[in-house]
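Report on one structure; see the data block that follows.
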Ligand code: G4P
């Protein structure tokens, strides 16, 4: 029930209205319940009819694409995807992020395409390492955050103590929207704080269909059908929370300083409708985006967008390649010709697709906030900007200096051409960075997490028929070298065996130790040794 949804302005000329888009991601530590919550959000919106379908979809994808064996073996999600669903006239675009930290680059780029995030926390475990890292990324980008504290049907930490702990750990203001009535075996329902009502199960463990309105939480004392001890504890802790925690303030939330907290149980669908109402009601509609020298407003007439993800070979039988584009302005129409600022070329977007929960559908029209998939043969890569002719470069889609470097050796030396092509493809997808040393024909791949190496070798073998092995190199880190061209060349000449070129032919310094890097920085003060490079 989206009872907090504001009246949206009438859409002009029957066109889709960007103010009714909510584009968000769910961030969490593995096992906190992201998949279950995703599924229940889809169920609550009617996008799927049966539980278990999100996983079933995953299974299908896995059998289609062999490299996903790795995901199966390790029980982690290594790929991001998009799910679009609609509820009460609001279109939600949910961007999935890989939970494993080895894929943080992918996650980082996905978070560049959202306007809000839902942070899922396990009520027993509190803030875990991966939640914290992802939260920091959101904070860096001022992304407003909804907090969903999951698994209240299990024993967990005291709700107020946990809020205190999260607030202190993340230096974030929190304010309660739903509050548990009992935890674990005592769980009886939720208090819907802004709705001023208790949501209770008719029978223990059942859905929360019994609704009891109140004026003040203390009115709930003496609630029929629930043990007095459990209600008293819930009312007391909620009253304390309301006394000590700040009230909800839209501006503070939108700036990323305050997070509304929904206690719930994804598995029991408790608190999920309230979270969805919050997302629809006060979650931000598509926000302006910073580009080179100006801010692109979603209401601008001309279409613009950027590629935040490329997925190749979703079906190995049909070498397809889909670029996921976040639209930032204008009204996109199928068949439009869009300008790729990097290639300085127009391309006709003939078969754009939307990703619904259970199917893909051809896009006829789309607006800011929407994610469209553009099938292509390698013309689009992560970080590319599309526009109606203006050269725009959106900020915030970085490449990170790889922390793990390996030389790639071919099992079959006859396949060096195929290897080049495959590495080129996978680099454009953002799976790896490929560096070509000046003094060695074997390419070096650079990744942020070791699991990326496994994915890379598995995909090279299964999708491109190029088995490889890795050899360690004596470099510990890499930095892009920028500065005056002649100075860069002089440096490259003195350190030839430590220089490689990236896919844009930009020189990269491969350092044998942190000490060596520090010395180069000191000795070449006119040069910059850059750890994060903007794409595009
Ligand atoms: P993830 O995507 O964040 O990794 O988590 P996922 O949803 O897969 O959930 C992790 C485990 O936690 C699953 O159990 C899931 O059923 C359970 N879970 C999720 N939400 C709740 C909840 O609200 N209450 C309780 N009690 N459990 C919850 P599993 O045993 O690993 O998998 P499964 O066999 O149940 O699918």
Looking at (1) loosely packed, with under 15 Cβ neighbours inside 10 Å; (2) under 28 Å from the mean Cα position of the chain (by Cα); (3) assigned to a strand (DSSP E or B), which is the only condition residue 391 fails? (3)
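From the list 427, 511, exactly one residue is outside the structural domain of residue 323 (by TED's automatic domain parsing) and without any contact (Cβ under 8 Å) to a residue 60 or more places away in the chain. Which is it?
511
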Which of (1) at pLDDT 85 or above; (2) away from the ligand (no atom under 16 Å from the Cβ); (3) under 21 Å from the mean Cα position of the chain (by Cα); (4) within 21 Å of residue 262 (Cα to Cα) does residue 88 not meet, given it meets every other one? (3)
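For every residue, the table says whether it meets (1) surrounded by 14 or more Cβ atoms within 10 Å (Cβ to Cβ); (2) modelled with pLDDT of 95 or more; (3) touching a strand residue (DSSP E or B) at 6+ places or on another chain (Cβ under 6 Å).
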{"position": "411", "(1), (2), (3)": "no, no, no"}
{"position": "414", "(1), (2), (3)": "no, no, no"}
{"position": "426", "(1), (2), (3)": "yes, no, no"}
{"position": "429", "(1), (2), (3)": "yes, no, yes"}
{"position": "458", "(1), (2), (3)": "yes, no, no"}
{"position": "463", "(1), (2), (3)": "yes, no, no"}
{"position": "470", "(1), (2), (3)": "yes, yes, yes"}
Residue among 518, 440, 505, 454 that alone is over 26 Å from the mean Cα position of the chain (by Cα) and in a helix (DSSP H, G or I): 518
With the checklist (1) in a strand (DSSP E or B); (2) assigned by TED's automatic domain parsing to the domain that holds residue 335; (3) more than 23 Å from the chain's Cα centre (by Cα) in hand, flag the one item residue 372 doesn't pass. (3)
Before we move on, is residue 301 surrounded by 20 or more Cβ atoms within 10 Å (Cβ to Cβ) and in contact (Cβ under 8 Å) with a residue 12 or more places away in the chain? no
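Grab the strands (runs of 3 or more DSSP E) fully contained in region 248-367, keeping just those with 2 or more residues being modelled with pLDDT of 90 or more and within 16 Å of the ligand (Cβ to nearest atom).
258-263
So, of the residues in region 106-130 that are in contact with a helix residue (DSSP H, G or I) (Cβ under 8 Å, 6 or more places away or on another chain) and assigned to a helix (DSSP H, G or I), which turns out to be modelled with the highest pLDDT?
Looking at residues that are in contact with a helix residue (DSSP H, G or I) (Cβ under 8 Å, 6 or more places away or on another chain) and assigned to a helix (DSSP H, G or I), I get 111.
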Could we say that residue 199 is surrounded by 21 or more Cβ atoms within 10 Å (Cβ to Cβ) and either farther than 28 Å from residue 132 by Cα or not assigned by TED's automatic domain parsing to the domain that holds residue 33 (or both) here? yes
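Residue-by-condition table, conditions (1) over 18 Å from residue 138 (Cβ atoms); (2) touching a residue at least 24 places away in the same chain (Cβ under 8 Å):
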residue: 214; (1), (2): yes, no
residue: 218; (1), (2): yes, no
residue: 223; (1), (2): yes, yes
residue: 252; (1), (2): no, yes
residue: 255; (1), (2): no, yes
residue: 259; (1), (2): no, yes
Please state which of the following conditions residue 124 fails to meet, knowing it meets all the rest: (1) within 11 Å of the ligand (Cβ to nearest atom); (2) crowded, with 19+ Cβ neighbours inside 10 Å. (2)
Which pairs turn up if I take residues in region 152-178 that are closer than 17 Å to residue 32 by Cα and look for partners that are away from the ligand (no atom under 16 Å from the Cβ) and at pLDDT 95 or above with beta carbon separation below 6 Å, at least 6 apart in sequence or on another chain? 159/237; 163/174
Modelled with pLDDT under 90 and either in contact with a strand residue (DSSP E or B) (Cβ under 8 Å, 6 or more places away or on another chain) or within 15 Å of the ligand (Cβ to nearest atom) (or both): is that true of residue 65 in this structure? no
Name the single residue, out of those in region 169-217 being over 14 Å from residue 231 (Cβ atoms) and part of a helix (DSSP H, G or I), that is nearest to the chain's Cα centre (by Cα). 170
Where residues in region 136-166 are modelled with pLDDT under 95 and either touching a strand residue (DSSP E or B) at 6+ places or on another chain (Cβ under 6 Å) or assigned to a loop (DSSP other than H, G, I, E, B) (or both), which of them is surrounded by the fewest Cβ atoms within 10 Å (Cβ to Cβ)? 142
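The values are calculated or read from the model by the stated rules, or taken from the named source; none is laboratory data. Bear in mind the structure is a predicted one, so any value in this text is a computation, not a measurement. Backbone-built Cβ (ideal geometry, glycine too); neighbour counts: all protein chains shown.
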